[in-house]
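The values are calculated or read from the model by the stated rules, or taken from the named source; none is laboratory data. For clarity, every value in this text was computed on a predicted model and none was experimentally measured. Positions of Cβ are backbone-derived with ideal geometry, glycine not excepted, and every protein chain shown enters the neighbour counts.
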Amino acid sequence: MNQFLSFVKKEFRHIFRDKRTMLILLGMPIAQIILFGFAITTEVQNIRVAVLDSSKDISTQRIIDRIDASKYFNIAQTIHNYDEVDKVFQCGDADLVIVFEERFNENLIHTGKAQIQLIADATDPNTATTEINYITSIINSVQLELMGTNFVPIQIIPEIRMLYNPQMKSAYNFVPGVMGLILMLVCSMMTSISIVREKEMGTMEILLVSPMRPIYIVLSKVMPYFLLSCVNLTTILLLSVFVLGVPVAGSLFWLILVSFVFIVVSLSLGMLISTLAVNQVAAMLMSGMVLMMPVLLLSGMIFPIENMPQILQWLSNIIPARWYISAIRKLMIEGTAITFVLKELAILLFMAFFFITVSLKKFKIRLQ
Amino acid sequence: MLTDKIIVAENLTKKFGDFTAVDNVSFTVNRGEIFGFLGANGAGKTTAMRMLCGLSKPTSGKGWVAGFDIWKQSEKVKKNIGYMSQKFSLYKDLKVWENIRLFAGIYGMKDKEIAVKADEMLNRLEFINERNTLVKQLPLGWKQKLAFSIAIFHEPQIVFLDEPTGGVDPTTRRQFWELIYHASGQGITVFVTTHYMDEAEYCNRVSIMVDGRIDALDTPAKLKQQFGVLNMDEVFQQLARHAKRSG
Amino acid sequence: MVTVQNITKQYGKTEALKNVSFSTGVGEIFGIIGPDGAGKTTLFRILTTLLLPDSGTAIVNGLDVVKDYKQIRNNVGYMPGRFSLYQDLTVEENLNFFAAVFNTTVKENYYLIKGIYKQIEPFKKRKAGALSGGMKQKLALSCALVHKPEVLFLDEPTTGVDPVSRKEFWEMLKDLKKQGITILVSTPYMDEAALCDHIALIQLGRIMSINTPQQIVAEYRNKLYATKSESNYRLLKQLKLRSDVASCYISGEYLHVVFKNNTAPFIENVEIHNIQPTIEDCFIQLMGVNNVDR
């Protein structure tokens, strides 16, 4: 036990004495969360609107005028055919398309209901949401005015269509992504580098020629990064709740538990990398290429998995972060019960078991 | 121009913070001589050598190498010297021939000239069959001999050797010194550091650095006489034993 | 104490060790002497259970290096070739850490390391990375000794170290020997051979000779002569051209010469006298006999 504690203490000394790494480790989550926080509050202006007005009556004209008068929107062009919608977006001529149904005014007067379709380019989901919100409020105000003159309860029903990014990932959804990324980075990359450093320095030789059991060597190397990850997890959660205003909708207990499982997966991946890499640069590259890129690209953090080619979807299945991010999205953002996350949890548990077994098998009690 | 004094150091000093690595060192090296630069670990040899090679600026003092001011003409100094150290000498993942071409190219030699001279050199070293061998596959002693030959390939006026024979077997070590003698015979000045005291005897003159200063500088014979001992090892022991900076 | 029988180890095509056998007595200093690439480090790694030999057996302290590696790890001390301590930890922290790793405390075996550690104790709050070469070496030795090992493996402890620190280091080894610790030490410096009880001269993975330093010198096959002149290099070239010279090489201020009929001819203006060979002369001769060029 004394062996183990001394080792952990030594490991913390390494971490605390390397000020630069410390700053990166603890500062990175803060920086990332704040960056995404700014992304949420992007102001939009001069949005180019294309109009498909099949009705051409007073009501539609009134709405169009009002939109054009607003400082946020400019009516950029009029289109005559629904098929042109795609073209307008693809040529980059408009950010938003408004489609009025036929006999808009008639319907409004006779049935009290009329439909407007709002189509937005959601490749940039944040902007798209803001645009839709602004334009809906303009339509609502027109609706109120019309009601005021007619004393009839009327309803304009906006039907919103987001093109290119149908589930509308808002910046809120980045929080689970950031969590996955940072935990993966701290655990896998830092653990593997710190183990490989001992090999490179030659200290591993002395440690191996000591009575300390290899499993304890690995455990005590992993311990500090486990604790650091917990600190990071807390920072991210606190920042997202109090700075970004993203509440934890589901159970905090399960959220933390699933995170622990993911941390264990990442740590054991780090161990596995350390058994394969010969030097620190190799460890860094391996964790960079094998972990970072896939986490960024394939985990669904940035690009929705549903929109990927089939082969990449399959590939994404073997990426631990994919399951973690999905679980956290459900638990934290959607607020679902743990029963809906059982699949993700099971997969993560299996991965943890798998990586630990493999890395323990691979850990060499000798050199080479 | 300073013609026979190829290295002149006047009160060279280098400080790192409040640590004086090289303390007011003055000496000269004659053209064509083999100059042994000895000293305990941490005595300031490497720092002094770096200043002379134009790799670091002295805190104070003056120096000329091959007639060029180490303050103002460090680029010219570098053009006129060769350098080889135990730690880094050649690219291990390049072939023998590729290393030659690379280093000769760095010093601006023409391809044709390189080709002719390289064959001549490899023949002399009896390495001609290893032309296309990766350097990392060569035994250490061969590597060091090759590295030295490459360091003087562009015919510098002076070559700096930093512990060139560390760990090399006794036979190859002697072959290495024969290369040094040969180079010296061709007029190349050799400035060499070593921990082998028998190698100190091979030098024309030897300086011994202790705590950043040069405490002794003379021919091996005169040094032994001066200290009343039989070999250079004892001279060294007497001088370095009193060093304050622990070695 | 340490018995090695027919150890062979290959890395790919290169044979690092070929049929190496020797054995050491208890409480002696056994020197493995040879240049870089001779296989010294591979041998030490096999003996410290870090590598498996391809064939052959090795017994350390009555334990087999392959089967009983766990027990061996409890009672040997090992100082690898490079400085292998934590540069960002202080002197004290390094020592305490290695004591803990070996399930002991610095206090418990302080008497053993006192002589060495005392010299660096004034700097105990300094980071190991900021120590000078000689002090690093002392710290590394203290760390290797802190658990009171019965056998100490020192892989090239004096490489790149200046002659004064080297001398000090050998003094420390002599003191340790008095404590009854068996010491296996490797070195490329031939002059250190005289300080060992027994030495093995190793070159290209093969042991060329094992004996006491005195006996190895006594076994030198030829008469060795020394000579010198104003320009040794010129004399060397001159002698090499002679048909009666078997070998000739520089050695310190002299040239060492072996003549084919073991008698020195008269050469005008050149004074030649018979001398005792050194270990280095023996090594050079053995290298020639084994005809190993690479």
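Restricting region B:207-232 to residues that are more than 17 Å from C:Val164 (Cα to Cα) and of a type in the set (A, V, I, L, M, F, W, C) leaves a set whose member that is surrounded by the most Cβ atoms within 10 Å (Cβ to Cβ) is B:Leu223.
Going through (1) over 19 Å from C:Cys282 (Cβ atoms); (2) at the interface with another protein chain (Cβ under 10 Å from one of its Cβ atoms); (3) among the small types (Gly, Ala, Ser) one by one, C:Ser142 falls short only on (2).
The helices (runs of 4 or more DSSP H) found wholly in region A:172-212 and carrying at least 1 residues that are surrounded by 24 or more Cβ atoms within 10 Å (Cβ to Cβ) and more than 12 Å from chain C (Cβ to nearest Cβ) occupy A:174-184, A:191-201.
Taking residues in region A:17-33 that are without any contact (Cβ under 8 Å) to a residue 12 or more places away in the chain, and partners anywhere that are not in a helix (DSSP H, G or I), the pairs with Cβ atoms closer than 9 Å and at least 6 places apart or on different chains are A:Arg17/C:Asp88; A:Arg17/C:Leu89; A:Arg17/C:Lys127; A:Asp18/C:Asp88.
Among residues of region B:77-95 that are over 19 Å from B:Gly54 (Cα atoms), none has a beta-carbon under 7 Å from a residue that is basic (Lys, Arg) and in a loop (DSSP other than H, G, I, E, B) at least six positions away or on a different chain.
Please determine, by comparing only the residues of region B:51-76 that are under 28 Å from C:Gly160 (Cα atoms) and either of a type in the set (A, V, I, L, M) or within 14 Å of chain C (Cβ to nearest Cβ) (or both), which one is surrounded by the most Cβ atoms within 10 Å (Cβ to Cβ). The extreme case among them is B:Val65.
You will find that of B:Ala9, B:Ala48, the residue that is in a helix (DSSP H, G or I), at pLDDT 90 or above and not charged (D, E, K, R) is B:Ala48 and no other. Pairs linking a residue in region A:279-308 that is within 30 Å of A:Thr203 (Cα to Cα) to a residue that is acidic (Asp, Glu) and at pLDDT 80 or above, with Cβ atoms under 8 Å and 6 or more positions apart or on different chains, are A:Asn279/A:Glu200; A:Gln280/A:Glu200.
When B:Lys62, B:Lys72 are checked against the criterion of being more than 30 Å from B:Thr133 (Cα to Cα) and not in a loop (DSSP other than H, G, I, E, B), a single residue qualifies: B:Lys62. Among the residues of region B:21-28, is any closer than 20 Å to B:Glu163 by Cα and outside any helix (DSSP H, G or I)? Scanning region B:21-28, I find at least one residue that is closer than 20 Å to B:Glu163 by Cα and outside any helix (DSSP H, G or I), so the answer is yes. Take the residues of region C:31-44 that are in a helix (DSSP H, G or I) and either in contact with a Lys or Arg (Cβ under 7 Å, 6 or more places away or on another chain) or within 14 Å of chain B (Cβ to nearest Cβ) (or both): which is farthest from A:Ser194 (Cα to Cα)? Selected residue: C:Lys40. If you filter region C:78-121 down to residues that are more than 8 Å from chain A (Cβ to nearest Cβ) and β-branched (Val, Ile, Thr), you find that the one that is surrounded by the most Cβ atoms within 10 Å (Cβ to Cβ) is C:Val91. B:Gly36 satisfies every condition listed in (1) part of a loop (DSSP other than H, G, I, E, B); (2) under 20 Å from B:Gly187 (Cβ atoms) except (1). Summed over region C:122-138, the residues that are of a type outside the set (Lys, Arg), surrounded by fewer than 18 Cβ atoms within 10 Å (Cβ to Cβ) and at pLDDT 90 or above give a count of 1.
Part of a helix (DSSP H, G or I), at pLDDT 90 or above and farther than 22 Å from A:Met189 by Cβ: does that describe A:Leu233? Judged against the criteria, A:Leu233 is not a match. Inspect all residues belonging to region C:234-250 and state whether any of them is under 27 Å from the mean Cα position of the chain (by Cα) and either assigned by TED's automatic domain parsing to the domain that holds C:Gln119 or over 18 Å from B:Arg174 (Cβ atoms) (or both). Within region C:234-250 (the criterion being under 27 Å from the mean Cα position of the chain (by Cα) and either assigned by TED's automatic domain parsing to the domain that holds C:Gln119 or over 18 Å from B:Arg174 (Cβ atoms) (or both)), the answer is no, since none of the residues qualifies.
Those helices (runs of 4 or more DSSP H) of region B:104-220 in which at least 1 residues are facing chain C (nearest Cβ under 9 Å), considering only elements entirely within it, cover B:140-151, B:170-185, B:197-201. Residues in region C:157-212 that are farther than 20 Å from C:Ser84 by Cα, within 12 Å of chain B (Cβ to nearest Cβ) and hydroxyl-bearing (Ser, Thr, Tyr): C:Tyr189 alone.
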